[in-house]
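First comes the structure, then the notes that go with it.
The values are calculated or read from the model by the stated rules, or taken from the named source; none is laboratory data. This structure is a prediction, so every number in the text was calculated from the model and none was measured. No Cβ is skipped: glycine too gets one built from the backbone with ideal geometry, and neighbour counts run over all protein chains shown.
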Amino acid sequence: MILKDIFENLKQTMPHRFEDDIIVEFINNALKEVYRFVSPMDSFIFSASGAETYPLVPGIKPEQIHSVTVGEVHYYPRRLQELSRENIWFIAPDGFINFFPLPKFGSEIVITFDNAEFDLGKKDDFEYDGGEGELDTFYNQPIIIYDEYTDMIVCYVKFQIARAREDISSANNYRDSFEIMRRNAMQRIYDKRGKYPETEDVNGRWRRGAWNRWVIRHR
């Protein structure tokens with residue numbers, strides 16, 4: 001799913017007059033809500049093309065990367081091996097990840113990172129001068145979340161839109177729908193792990209305390 005998909009969904013199901021950057025803020029808030037119970041550790045997996053530099057999904061910061069392997073060889077941040085200059089990676093100013101030595105063609109590259117801090121960029125984060133290409137880059141931002149959670153993201157965005165409109169009735173309805181979806185999603189997670197959560201009914205409400213060839217895997 002990309003950013004444009006959510007904008008299209010809202011256009012059809014909940015027309016509004018909020019600016020795009022405000023909706024991006026709402027989406028980022030929704031992602032943080034879902035990341036609270038979805039495992040935050042993901043991996044990008046792709047094959048080396050023989051180059052030493054590769055695009056990285058927008059929004060991922062160097063401090064979020066936990067490990068990098070090329071084939072079965074571990075690569076380390078440049079700051080940790082500045083003297084040896086062996087098996088290092090670093091993020092260039094253009095946002096591309098660079099490797100030294102050069103990964104062999106066809107080698108599997110695995111970048112494991114913490115996506116809990118992932119944020120979609122706003123229009124000001126892009127070099128937008130009115131050109132169509134720059135605008136496409138903004139709307140084509142990938143949203144790093146499993147497809148099964150996309151309805152939850154949209155529902156939480158609608159909750160925030162309704163709340164911003166001071167439409168209390170609609171906001172409560174969307175919030176309740178989100179809580180039901182969250183409860184069901186968490187139950188599925190516990191079912192897969194063979195564990196079952198303890199739940200409590202409080203005042204009638206449940207409470208509980210590729211880009212191109214990229215592949216995303218949850219740990």
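Against the definition (at pLDDT below 90 and under 18 Å from residue 98 (Cβ atoms)), how does residue 39 come out, yes or no? In short, no. Regarding the stretch 47-55, can at least one residue be identified that is surrounded by 14 or more Cβ atoms within 10 Å (Cβ to Cβ), closer than 30 Å to residue 88 by Cα and within 16 Å of the chain's Cα centre (by Cα)? No; the residues of the stretch 47-55 include none that is surrounded by 14 or more Cβ atoms within 10 Å (Cβ to Cβ), closer than 30 Å to residue 88 by Cα and within 16 Å of the chain's Cα centre (by Cα). Picking from residues in the stretch 1-51 that are aromatic (Phe, Trp, Tyr) and touching a strand residue (DSSP E or B) at 6+ places or on another chain (Cβ under 9 Å), the one that is farthest from residue 151 (Cα to Cα) is 46. Out of the residues in the stretch 110-168 that are of a type outside the set (A, V, I, L, M), surrounded by fewer than 16 Cβ atoms within 10 Å (Cβ to Cβ) and within 21 Å of residue 186 (Cβ to Cβ), state the one that is modelled with the highest pLDDT. By that ranking, first place goes to 151.
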